[in-house]
Structure formats: structure tokens, C-alpha cells
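One structure is given below, encoded as C-alpha cells.
The numbers here are math on the coordinates, done by the rules we state, and not lab data. All of these numbers come straight from a predicted model, not from anything done at the bench. Cβ sites come from the backbone with ideal geometry, for glycine too, and all protein chains shown count toward neighbours.
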Amino acid sequence: MLAVGYMKTFYPVTKLNKFSWTTHSSKGFIRFVGISELLIGIGLILPQLTGVCPVLTPYAALSLCMVMVLAIVEHIRYNEAKQIWTNVFIIFLSAFVALGRFAY
């Protein structure tokens, strides 16, 4: 999550063509998604690692679920059904983290 967020935030948009959705999205939207993924990645790792406000970890995981649901909507919108399964897998993983951390 951190690496992909970093790429979407700091790489030139022309070098992000391996992500098919970047070809028909604005630069501002790509940067917004990148910053969101960076913050979510930090929120998943840092609170639990440092012990400072660890309640933020499950909220970051829920945020990741929401971002992935929106990504699925975009994939459906552009007829990219093959890429949906990656998003579904990430949703399951982040939901597992959220449920596990809320129960903890």
C-alpha cells in the first residue's frame, strides 16, 4: 500500500500507465488516490508499531475497504472485470485486520 501510494503521489503521470485507470483520470484524482493510500498505509502500520493510539489501525483498514469498493466501481465502469479480484482480495484482508483489531 505504501509503495503504490508513493508511486501514485510522486511519479509523473506518464509513468503510471501500468495502472489502466490512470489513462482516463485526471492528475489531481491520481494524486488524491495516492495520498489516500499513503495515509492508509501509514495508519495500518504506525499506530500498532509504536503503540500510540492503536485504535487508528482498524479505522485505516476500514478506509482501505472503502477505497477498494470505489476501485471496484471504477473497474466495472471501464469494463475491467479481470482486475476486480485483486480489490476483493484486499477487501478481505483489510476486513480481517479491522475485525481482528476491533475485537482486540
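Fewest-first ordering of His24, His75 by other beta carbons within 10 Å of each residue's beta carbon gives His24, His75. Spatially, the range 75-104 and the range 1-15 are offset by 20 Å when compared through their Cα centroids. Loop-located GluC sites (Glu not before Pro) in the range 34-104 (DSSP state not H, G, I, E or B) with no more than 16 neighbouring Cβ atoms inside 10 Å: Glu80. Each of Thr23, Thr14, Thr86, Thr57 was scored by other Cβ atoms within 10 Å of its Cβ. Listed from fewest to most, they are Thr14, Thr23, Thr86, Thr57.
With a ≥ b ≥ c the root eigenvalues of the C-alpha gyration tensor of the chain, is it rounded (a/c under 1.5), prolate (a/b larger than b/c) or oblate? Write out the running numbers ahead of the final one.
Working: a/c = 2.92, a/b = 1.54, b/c = 1.90.
Verdict is oblate for the chain.
Kindly provide the trypsin sites (Lys or Arg not before Pro) of the range 1-101 that DSSP labels as loop, not H, G, I, E or B, and whose Cβ sees at most 15 other Cβ atoms within 10 Å.
Lys18
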